Structures are given as structure tokens and as C-alpha cells.
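Shown next, in C-alpha cells, is the structure this report addresses.
The values are calculated or read from the model by the stated rules, or taken from the named source; none is laboratory data. Computed from a prediction, not measured in an experiment: that's the story for all the values here. Backbone-built Cβ (ideal geometry, glycine too); neighbour counts: all protein chains shown. When the accessible area is computed, the model is the full protein with side chains, heavy atoms only, and any ligands, DNA or RNA have been set aside. Shrake-Rupley method; radii C 1.70, N 1.55, O 1.52, S 1.80 Å.
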Amino acid sequence: MTLVLANVSRSFGGVRAVDDATFAVESGEVHGLIGPNGAGKTTLLNLISGLIPPTGGTIELEGRRIDRLPPYRIAALGVARTYQNIRLFGGLSAADNVVVGRHLKRRAAPFWRRLLMLPSARREEVRAREAAEAGLARVGMRERARSQAYGLSYGEQRRVEIARALAAEPKLVLLDEPTAGMNPNEAAAVARLVREVAGEGRAVLLIEHNVRLVMEVCDRITVLNFGKVIARGTPAEVANDPAVIAAYLGDGA
Amino acid sequence: MAQQILNGVFVGSIYALFAVGYTLVFGVLDILNLAHAAVFMLSAFAALALTEHGLSIWIAMPLGILAGGVIGIVLERLAFRPLRGRSDSNISGLISSLAVATVFEAIALQLFGPDISRFPQGTFPDRTIAIGGASASLLQLCIVGISVALMAVLTFLLARTRLGRRIRAVAESPRAARILGVDVDKVIALAFFISSALGGAAGILFGLAFNSISPDVGRSVELKGLAVIILGGMGSVPGAVIAGFALGLIEVFTVAHVGSSYRDAISFAVLFIVLIARPRGLLGRAAAREA
Amino acid sequence: MDLLLAYEGLIAFVGINGLLALSIYATLSCGQLSLANAGFMAIGAYTGALITLHAPAVPFIVVLLAAALAPSLVAVPLGLPVLRLRGVFLAIATVGFGEVVRLVFVNWDFTNGALGLVAIPQRTHVWTIYLALAVALYVLGRLRGSRAGYALEAIREDETAARTMGIQSTAYKLSMLVLGAALAGLAGALEAHFTFIVSPAGYGFGRVVDMLVQAVVGGAAVFYGPVIGAAFLTVLPEVLRELGARLGLSPGPFRLFLNGVILLAVILYLPSGLASLPQRFRRRAA
Ligand SMILES: Nc1ncnc2c1ncn2[C@@H]1O[C@H](COP(=O)(O)OP(=O)(O)OP(=O)(O)O)[C@@H](O)[C@H]1O
Ligand SMILES: [Mg+2]
């Protein structure tokens with residue numbers, strides 16, 4: 001098991017955004033996380049990546065508690081993510097965004113080497129930049145490597161964000177609606193990429209509103225409603241679950 | 001003891017009056033208006049110039065306050081409106097307000113010179129009144145009275161009037177206010193008018209109280225004002241009132257029991273401790289720290 | 001000869017102000033508006049002056065290193081709590097720190113209170129200043145493109161996102177605060193050994209405002225911007241002094257007025273500062 005959530009809760013004031021959620025994500029698996037608007041999906045991702053602490057329950061990554069760690073420590077343990085409301089470094093180029101994403105893969109103390117203009121520092125930088133370009137190529141963004149991030153289209157920005165997350169070579173990737181605002185071709189390309197990433201043995205936790213895409217891509221699905229897990233299983237099982245159908249038709253939980 | 005409390009209330013009323021305007025703009029725009037102290041200074045000079053032309057202080061004061069408000073509107077147009085919508089507006093706004101403050105100070109220097117100016121003799125009747133075991137001048141009592149009255153008017157305005165509701169709506173969320181049909185630009189301009197008029201009033205009262213006005217008179221009050229709005233909670237008007245009086249009292253007691261050389265250090269110690277221990281201040285809503 | 005001496009002073013102050021503007025840039029480069037630098041400068045100036053006055057045999061380079069080290073050591077315990085504050089709250093807290101430093105020196109008999117230290121031997125030469133400036137520019141310039149440099153830019157753009165990329169933002173912010181403190185302290189000691197005096201009045205809120213104005217006017221997006229701003233705003237008033245006198249304006253207010261107007265114009269119309277001008281013209285020409 002890569003990621004295990006046990007009885008995780010998080011309230012904001014009176015709102016229980018995540019309520020006693022329990023589920024696990026395995027390596028090599030694409031795990032879908034679906035639910036109506038406001039179900040608590042993004043909050044769950046924020047809890048896993050350490051942006052906010054849970055008010056109850058535990059989160060483990062490869063057997064290790066991560067629910068009290070700061071975000072940079074969790075990232076160092078192999079968790080990378082994208083954001084529903086894109087958070088690229090707008091003033092940097094697409095390639096530089098991905099170079100930042102590689103932060104953890106780069107050697108820890110090259111600055112003094114760089115200060116002395118050692119060739120080893122130079123080589124390390126060139127490698128980082130080449131890796132970034134390769135990462136961009138993987139999402140079909142190589143030609144736009146030099147463009148400033150905020151000048152890119154919505155779909156392009158989402159793709160750069162995925163490349164930035166993958167640049168860290170994470171064990172667990174958290175994707176928050178990666179195809180929102182994309183056209184069907186772009187979305188299909190992302191779907192292929194997600195399968196490919198899982199094929200490398202990484203765990204993928206995917207939030208997605210596009211039901212067809214979820215059904216195609218995911219190995220297993222967890223359904224949230226009002227912060228609670230109301231169903232889990234294979235796409236086929238979940239699709240026929242009466243509680244899920246009721247939630248999506250708006251009857252509430 | 002009674003005398004100290006009286007003195008503390010007196011100084012505190014000016015701090016509070018200065019700070020309510022300061023905090024009002026922060027509450028509405030989330031921007032620190034570093035030109036507030038310059039408006040404070042310009043209003044004091046305006047009232048001074050009017051009394052020098054023979055006007056009674058009771059006419060010069062309202063005119064000086066009005067001048068403060070008008071300067072506030074100019075300030076908003078020059079330094080804040082053009083930055084609206086820019087992503088770094090809370091830092092760039094701070095810098096542009098600093099720029100305008102510098103210009104204001106330069107104007108005052110040019111017009112009034114760097115030396116201390118004083119109100120003409122007999123601007124205010126010189127009379128002392130005994131209260132309990134303490135004594136206060138008529139001027140001091142008037143200053144406390146005027147400050148409290150102005151703060152009461154502001155509180156009423158914010159709580160009970162249509163403009164007050166609109167200001168609060170904009171402070172809550174400019175986007176939502178706009179959707180509800182509020183003319184956000186106009187409300188912000190009016191908030192600046194009110195804020196600067198109050199800052200100007202504080203300046204005039206300060207000038208009268210110590211009978212000394214110079215182009216850098218706002219400097220010390222500016223830093224005290226920061227301490228007050230931090231202590232009160234950024235954006236909280238009642239917080240600023242309480243914190244203003246609190247700082248006045250703390251200062252007076254420090255001077256009496258520790259020594260006058262540490263009077264100014266107190267406000268910074270307060271500022272520092274509050275920011276680190278309780279960044280929301282006494283009654284604040286804005287979270288000072290990152291999640 | 002008189003003319004040369006007058007220019008020597010101006011050239012020296014361009015360099016010193018350049019170092020000070022860079023000290024503000026250090027924290028601005030990761031998006032933090034820290035205004036503690038007048039305080040750091042004071043600590044450096046007093047440290048340097050006291051060593052020179054009490055132990056004249058100590059080589060100047062050691063004096064300068066001590067002057068850079070002392071405020072850096074203060075910056076660590078200051079930064080740990082204070083750097084958790086965001087935006088204006090950090091600015092306010094650091095302004096408070098600067099004033100506390102100033103008040104300590106005002107009230108400290110050992111440093112001669114409000115009068116400060118006088119008759120400090122002149123040990124700073126123009127070349128010393130520019131050597132220091134060159135080293136500072138080199139270090140900050142080399143940061144660009146390095147792993148640390150990328151991390152700083154990421155923190156400036158979006159600290160939260162940077163943290164989820166494994167960037168330990170607090171450590172980076174603290175390092176830059178320490179670096180800025182060292183530069184300010186160095187500049188303080190250089191200035192003290194050039195003007196012969198240090199007094200608390202020289203390190204008030206106005207001083208840090210000057211540094212910030214110069215950094216912003218020059219442009220805080222690139223490492224050399226602040227030096228351009230410092231040079232521009234230090235030289236301009238001298239050039240315009242003549243003009244102001246002809247217009248019947250006293251030099252003090254005129255300088256202040258210009259500073260304010262230039263700062264306003266830059267922040268409104270040229271947010272990346274004077275350093276971005278060439279790029280602008282090129283884009284327009286293209
Ligand atoms: N920082 C916060 N403060 C207060 N309430 C919050 C906060 N973040 C989320 N919430 C609340 O928690 C609930 C869950 O929100 P969340 O964003 O996790 O939903 P979601 O499933 O991602 O929805 P969507 O599909 O619209 O993205 C909502 O009611 C939301 O208003
Ligand atoms: Mg969401």
C-alpha cells in the first residue's frame with residue numbers, strides 16, 4: 001500500500017469538509033476520487049499534501065505517518081500534485097516551472113560550486129534543464145518551453161502543471177481535475193499519460209468530473225459526498241451503486 | 001495615579017482617532033496606507049494656516065478635517081486606484097502610498113519649512129479644571145471629547161447607515177459587493193475620505209495638544225498607529241479604539257515607572273509581541289499568518 | 001581639487017547605497033518585504049566603529065567581516081518567528097525591529113547615546129566600497145539559475161505551491177534575510193569609516209525607506225536593478241540641484257519631491273523598474 005487514509009476528518013468551523021474518510025491507494029494504480037461539487041475532494045488532497053492538518057484520523061505513506069508533516073517533507077517522501085485552480089509560477093517560463101518541480105531530484109548543495117564556477121555545477125544545471133524539456137515533451141509542450149506560464153492557454157497550463165508534478169519522479173501523484181477546460185483530444189492525451197505514469201509503478205490519485213474518462217482510466221474509484229465515503233470499488237461497481245446514483249442526481253446522502 | 005490615567009486617556013484618544021482611520025482602509029482594501037501620517041500632518045498645517053489668517057479654531061478645525069478628507073480622495077486616485085487588480089497590490093500599494101507620503105512631506109517642507117510651527121497665541125483658552133484628584137486643561141478635555149465623538153460617529157456610520165453597510169460589504173469581498181450592485185470604486189473613495197478626515201482630525205488635535213507641528217510630525221505617530229492597529233487587529237475599528245487607549249495608558253505608566261527613554265520602545269515591544277504571539281490582535285479578523 | 005573631493009563623496013555614496021539597496025533586494029527576491037535593514041545597518045556600523053575605536057590594530061578587512069557577521073547573527077532569531085508572517089505584517093514587524101535597534105543605541109551609554117560615536121578614523125576608500133559591491137553583485141548574480149535561485153523565484157511566485165514541491169521555504173527566506181543583514185551591516189561599517197561618525201538618527205525608518213525606494217525604482221526583478229536605482233536616485237538630486245535652485249525651490253524638499261514622484265511613476269507605469277527599460281524599448285522597436 002502506498003497511501004492509507006484512516007478515519008480522516010477535517011472541519012472548517014461547522015462544516016465537516018472531510019468526514020471520517022478511509023481508503024487506500026496502491027502503487028501502480030490509478031485511483032479515482034469523485035463526488036459532487038463541495039464533496040471535499042480538494043480538501044482531501046490538501047490534507048494528503050500537508051497544506052492543512054486533519055482534525056482527526058491518520059494518513060500514512062508507505063507505512064509512515066505523514067499527517068503532521070509540513071508540505072515540503074511530504075513532497076520529499078515522494079508526493080507531488082497539481083491544483084484545481086492552476087498554481088503555476090506565472091512569471092517563469094514553462095521550462096523553468098518544470099525545473100523547479102525537479103528541486104528534490106537535484107543535488108543538495110551545488111551553490112558554492114556554482115559560486116566558484118565549477119564545471120560540475122554547470123553540467124548539473126544543463127542536465128536539469130534537459131530533463132525539464134523532456135518532461136515538457138511528454139505532455140506535448142516542448143515548443144512552448146520558453147513561453148511565460150501566464151501567457152499559456154488554460155489547457156497548456158494544466159499540462160505544464162502535470163509535467164512539473166512528474167518532474168519530481170514522485171511515488172504518488174495527486175491530480176485535481178487535470179482535464180478541466182481541455183478539449184476532448186487534450187483530455188484523451190492526459191488520460192493516456194495517466195495510465196502510462198501508473199505503468200511506471202507510481203500511484204495516481206485522480207479527481208475528475210468527466211465520468212467517461214474516470215470510467216476508462218481508473219482501476220478503482222472512491223466516491224465522496226458531504227465529506228463521507230459513500231461508495232468504493234471498480235468503475236463498474238461504483239457506476240451501479242444506488243447511493244452514488246442518488247448523490248449525483250442530487251438527492252443528497 | 002488618577003493623573004496618570006487621565007494623561008493616558010488623553011494621549012490614547014489621539015492614537016485611537018489616528019488608528020481608526022488607518023485600520024478602516026486596511027479593512028476595506030487590505031492595503032497598508034503609509035500616507036495616513038502625511039495626511040495627519042497636512043491637516044494640522046491646514047488648520048494652523050487658517051488660524052494664522054485669523055479664523056477661529058472652531059472654524060479652522062472642521063475645515064482642516066475636510067481638507068484631510070479631500071486629500072484622502074486625491075491619495076486614493078493617485079496611489080491606489082491604478083493598482084487595483086494587480087496581483088502584488090498589497091506590497092505595491094504600500095510602496096505607492098509611501099511615494100505619495102514623500103510628495104506630501106516635500107510640499108509641507110516647501111510651504112512651511114523644516115522648523116516647528118506653532119498655533120498663534122490664544123488659539124485656545126488656557127484654563128485648568130480639577131477632576132477628582134487630578135487636573136486637566138480645558139484643551140485636553142476638549143481633545144478627548146472630540147476624539148470620542150468622532151469615533152462614535154464612525155461607529156454609528158459603519159453599523160447603521162447604508163454607506164456603512166456598503167463599506168463592510170466591500171471589506172468582506174469586493175467581488176461579491178460588485179455583484180450585489182455596489183459601486184465599489186465609489187465606496188472605496190468614500191472610505192478614504194472618512195479615513196483621512198479622521199486622520200486629519202487626529203493631526204489637528206495633536207498639533208493643538210503639543211502646540212508643535214513640523215513636516216515630520218506624522219512619523220512618530222505613524223509607528224504608534226501601526227502598533228495600535230496590530231494590537232487591535234488589522235481592520236477592526238473597535239479594536240483600534242481599545243488598543244489606542246491601551247497604548248496611551250501603557251505609555252504613560254511606562255514613563256512614570258520605568259523612565260521616559262523607554263516610552264517609544266513600548267509600542268514596538270507591543271507590536272512585536274502581538275504579531276508573534278497573537279497575529280490577529282485583540283479583535284482582528286485578518287489572519288496574519290500563512291495557513 | 002575641491003570638485004574631485006565632492007565627486008569622491010558622491011561616487012562613494014552611490015556604492016554604499018547600492019549595497020543597501022541590494023540588502024533589501026535579497027529578501028524581495030523571494031517575495032518578502034523586510035524592512036529591518038536600517039537596524040541591521042546600525043548594528044554593523046556600530047560594531048565596526050567600536051572595533052576600530054577600541055582596537056585600532058585590527059585589520060580593516062576583519063572589522064568589515066565582523067560588521068557583516070554581527071547583524072547576521074541577530075537576523076536568525078529575528079527571522080525565525082517573523083518570517084512566518086505574510087505580506088505587510090512582515091513589513092510592520094521588521095519596522096518595529098528597526099526602531100527597537102535605534103532606541104537601544106539612543107539609550108545605551110556605552111555607544112554615547114543619541115550623540116553616537118565620533119572621530120572614527122577614515123579607513124574606507126572608494127575602491128573598498130566598490131570591491132564589496134562587486135562581490136555582492138557576483139554572489140547574487142550567481143544565484144540566478146542555480147537550484148537555490150530557482151527555489152527563491154518559486155517562493156516569490158507562490159510560496160504554497162513551492163512548498164509542495166519540496167522547497168523548504170523558511171530556510172530559504174531565512175538565508176536571504178541573513179544575507180541581506182550581512183550586506184546592510186557591511187554597508188553600515190563602510191559608511192561609518194567614510195563619514196567618521198555613527199549616530200542613531202542615521203538609522204531611522206527614513207533610511208530603510210530610502211533603500212526600498214532605490215531597490216524598487218531600479219527594479220527588484222533582476223539582481224543589478226537595485227544598484228541602478230541607487231545610482232540613479234543618488235546622482236539625480238545632485239544633477240537637479242541647480243535646476244531646483246533656479247525654480248526657487250530649496251534642495252531638501254525638491255529632492256524629496258522628486259523621490260516621491262519618481263517612485264510613484266515607476267510603481268504605476270514601470271513595475272519592473274528602470275532595469276526593465278532596455279527590454280521595453282527593444283520590444284517596442286520589434
Ligand atoms: N479553507 C476553507 N475554509 C472554509 N471552508 C472550506 C475551505 N476549503 C474548503 N471548504 C469547504 O469545504 C467543503 C469541501 O470543499 P472542496 O473544495 O474540498 O470540495 P470539492 O469536492 O473539491 O468541490 P469541487 O468539485 O467544486 O472542486 C466546501 O463546503 C467548502 O466550502
Ligand atoms: Mg475541488
Here the averaged projected area of region C:20-124, based on the convex hull of its alpha-carbon atoms and given in nm², is 7.1 nm²
Of the accessible area of region C:48-158, computed with a 1.4 Å probe and all protein chains kept, carbon and sulfur make up a percent value of 72 percent
Ignoring ligands, DNA and RNA, the residues of region C:259-282 whose accessible area with a 1.4 Å probe is reduced by 30 Å² or more relative to the chain alone are C:Gly260, C:Leu263, C:Leu264, C:Ile267, C:Leu268
Between the alpha carbon centres of region C:152-193 and region C:16-76 the gap in Å comes to 15 Å
Carbon and sulfur atoms account, in whole percent of the 1.4 Å probe accessible area of region B:81-200, for 59 percent
Test assert for region A:115-138: residues whose accessible surface shrinks by at least 20 Å² between chain alone and all chains, 1.4 Å probe, equal A:Leu115, A:Met117, A:Arg129
Asked for the total accessible area buried by A and C (1.4 Å probe, Å², nearest 100), one would answer 2600 Å²
Taking the reciprocal of mean 1/r across every pair of different Cα atoms in region B:10-120, the Kirkwood radius in Å is 15.0 Å
Correct response: the longest run of chain A lacking exposed trypsin sites (Lys or Arg not before Pro), defined by DSSP loop and at most 12 other Cβ within 10 Å, is A:147-253
The ³J(HN,Hα) series, computed from each phi in region B:42-52 with the Karplus coefficients 6.51, -1.76 and 1.60 at θ = phi - 60°, rounded to the nearest Hz and given as x for glycine or proline, is 5, 4, 4, 5, 4, 5, 4, 4, 5, 5, 5
Rounded to the nearest 10, the angle in degrees between the Cα long axis of helix A:119-138 and the longest principal axis of the Cα atoms of chain A comes to 40 degrees
Neighbours of A:Thr222 by Cβ distance under 10 Å: Lys/Arg at +1, Asp/Glu at -1, summed charge +3
Counting only protein heavy atoms and rolling a 1.4 Å probe, one gets per residue an accessible area for the protein assembly as shown in Å² of 41 Å²
Taking every DSSP bridge whose two residues both lie in the protein assembly as shown, the antiparallel percent to the nearest 5 is 65 percent
Once phi for every residue in region C:157-172 is put through the Karplus expression 6.51 cos²θ - 1.76 cosθ + 1.60 (θ = phi - 60°), the whole-Hz ³J(HN,Hα) values, with Gly and Pro written as x, are 6, 6, 5, 4, 4, 4, 5, 6, 9, x, 8, 7, 4, 4, 5, 5
Once accessible area is computed for C alone, B alone and the pair with a 1.4 Å probe, the total buried surface, to the nearest 100 Å², works out to 3700 Å²
Any residue on another chain or 5+ positions along whose placed amide H is under 5 Å from the amide H of C:Gly145 is listed here as C:Tyr150
A 1.4 Å probe over the protein heavy atoms gives region A:3-249 a carbon and sulfur accessible-area percentage of 52 percent
Computed over chain B: longest principal axis from alpha-carbon atoms vs helix B:263-277 long axis, angle to nearest 10 degrees, is 30 degrees
Over all directions, chain B yields a Cα convex hull whose mean projected area in nm² is 15.7 nm²
In vacuo Debye sum over C-alpha of the protein assembly as shown, base-10 log of normalised intensity I(q)/I(0) at q = 0.05, 0.10 Å⁻¹, listed in q order, is -0.32, -1.15
So the compactness index of region C:2-204, its C-alpha Rg divided by 2.2 N^0.38 Å, takes the value 1.05
Of all C-alpha pairs within chain A, those more than 32 angstrom apart amount in percent to 23 percent
For chain C, averaging the sequence separation of alpha carbon pairs under 8 Å that lie six or more residues apart and dividing by its residue count, the contact order in percent is 32 percent
Computed over region A:3-249, the relative contact order (Cα-Cα under 8 Å, seq sep at least six) in percent reads 29 percent
Sequence order, region B:93-107: Karplus ³J(HN,Hα) from phi using 6.51 cos²θ - 1.76 cosθ + 1.60, θ = phi - 60°, Hz rounded, Gly and Pro as x, gives x, 4, 6, 5, 5, 4, 4, 5, 4, 4, 4, 4, 5, 4, 4
When chain B is treated as a Gaussian network with springs between alpha carbons less than 10 Å apart, the largest mean-square fluctuation among B:Arg168, B:Arg219, B:Arg160 is found at B:Arg160
With N residues in region A:109-203, Rg(alpha-carbon) / (2.2 N^0.38 Å) equals 1.26
If one compares the long axis through the Cα atoms of helix B:217-232 with the longest principal axis of the Cα atoms of chain B, the angle in degrees, nearest 10, works out at 60 degrees
